[in-house]
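Student: Below is the structure I would like to discuss, written out as structure tokens.
The values are calculated or read from the model by the stated rules, or taken from the named source; none is laboratory data. These numbers come from a predicted model, not from an experiment. We place every Cβ from the backbone using ideal geometry, glycine too, and count neighbours over all the protein chains shown. Please note that ligands, DNA and RNA were not included when accessible areas were found on the heavy atoms of the full protein model with its side chains. Shrake-Rupley method; radii C 1.70, N 1.55, O 1.52, S 1.80 Å.
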Amino acid sequence: MPFPTIRARRLRATPALRALVRETALSPRDFIWPLFFSASVDAPKPVGTMPGVFQLPVKAAAETAREAAKKGLGGVVLFGLPKTKDARGSSALDPDGPVPRAVAEMKSAQPDLVVLTDVCVDEYTDHGHCGILRKRRTAGSADGEMEVDNDATLEILATMAIMHAHSGADVVAPSDMMDGRVARIRRALDENGFESTSILSYAVKYASAFYGPFREAADCAPKFGDRAGYQMDPANAREALREARLDEEEGADMLMVKPALSYLDVIRAVRADTTLPLFAYNVSGEYAMLKAAASAGMIDYGRAMMEVLVSIRRAGADGILTYHAMEAAEVLGA
């Protein structure tokens, strides 16, 4: 029946009606809060490109865990900044490094808080790439040109994952985009008695321009080249389904798409193709854009933040890694 019998505006007439028929809901438990723990700071150090984000000392871990739990967040994900770096990212395997220590402090202070850890060596290598380097072997490569050695890197990732699990991490989250890393990590965890430790795979991670502020926060910008040789081409969507399927077959318990806003179509496609829990990373550049626009008086920050987060959930993400986590939980009344 046409207008005026049908009036779509009827269900938008009041806030209560709009809430009653709302299709997508947000809750603090949908958010995972990224945190940066540094072995070199004694007090929170602001990240210049990410207002409201800090490099934290390990001694702040327990209180930070209590804050996250109080807000009802779904969890936290930890990144580490070591005191020293080398070509192999050796400090990533230090059991007294910032991430293992912070995990232990958080789980001691707030045992029920879900703690995830980033499994990647880019924060620990002096060259800033996500693995061990070797001379490029492809035809036509320039003399001395370097690339990441996929298979050698897997062994470091596996050892790193075991160490994080031993410190108490509930979930390890490999973000390196090496082929076969989920299978290698799963085998290592199982062989060392950590069958219950989950893997959240950064299954679909694009070589994005939106990572810039993160690289300041984690001090991990590549010293040469870029990461396009292992992260995905932003033009590709079908490849995302292949990557997600491979990681599922290798034993991933959960999958992730990163970044979120420019890849809502990819989130939707992966969601339709898997029954695994699906997460999306609302990355640093996306966060920084809203902060910058709000600072310039261009947008209503609170409304824009919630609209962005709803859009990611609406696309099909079960959960969102986001620097907005605490602010969004505040808006939601937690």
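Student: At a 1.4 Å probe radius, which order do LYS85, LYS258, LYS59, LYS223 fall into by accessible area, largest first?
Tutor: Reading off the accessible areas and sorting them downward yields LYS59, LYS223, LYS85, LYS258.
Student: At q = 0.17 Å⁻¹, what is the base-10 log of I(q)/I(0) for the range 241-334 according to the Debye formula with one equal point scatterer per Cα and no solvent? Please give it to two decimals.
Tutor: Values, matching the q order: -0.73.
Student: How much length would be gained if the chain were fully extended between ALA207 and HIS166, taking 0.36 nm per residue of separation minus their Cα-Cα distance, in nm to one decimal? Show your work: numbers first, answer last.
Tutor: Working: separation 41, 0.36 × 41 = 14.76 nm, distance 3.12 nm.
Here the answer is 11.6 nm.
Student: In Å², what does the accessible area per residue of the chain work out to with a 1.4 Å probe? Before the final figure, lay out the partial values.
Tutor: Working: 15290 Å² over 334 residues.
Heavy-atom SASA per residue in the chain reads 46 Å².
Student: Follow-up. Please get the size of the charge dipole for the range 63-116, origin at its Cα centre, with Cβ charges of +1 on Lys and Arg and -1 on Asp and Glu, quoted in debye to the nearest 20. Please list the in-between numbers first.
Tutor: On the way: 8 positive and 7 negative charges, 21 e Å.
Taking the Cα centre of the range 63-116 as origin, the dipole is about 100 debye.
Student: Could you tell me what percent of the accessible area of the chain is made up of carbon and sulfur, with a 1.4 Å probe and every protein chain present?
Tutor: Carbon and sulfur together cover 52 percent of it.
Student: Pick out, in residue order, every one of the trypsin sites (Lys or Arg not before Pro) in the range 113-191 that is DSSP loop and has at most 11 other C-beta atoms within 10 Å; say none if there are none.
Tutor: ARG137
Student: When the dipole is taken about the Cα centre of the range 123-245, and only Lys, Arg (+1) and Asp, Glu (-1) are charged at their Cβ, what size is it in debye, to the nearest 20? Kindly include the intermediate steps, with their values, before the conclusion.
Tutor: Values: 15 positive and 20 negative charges, 66 e Å.
Once rounded to the nearest 20, the dipole reads 320 debye.
Student: Okay, next question. Once you've got the GNM for the chain with C-alpha springs shorter than 10 Å, pick whichever of ALA294, ALA39, ALA61 has the biggest mean-square fluctuation.
Tutor: Top of the fluctuation ranking is ALA294.
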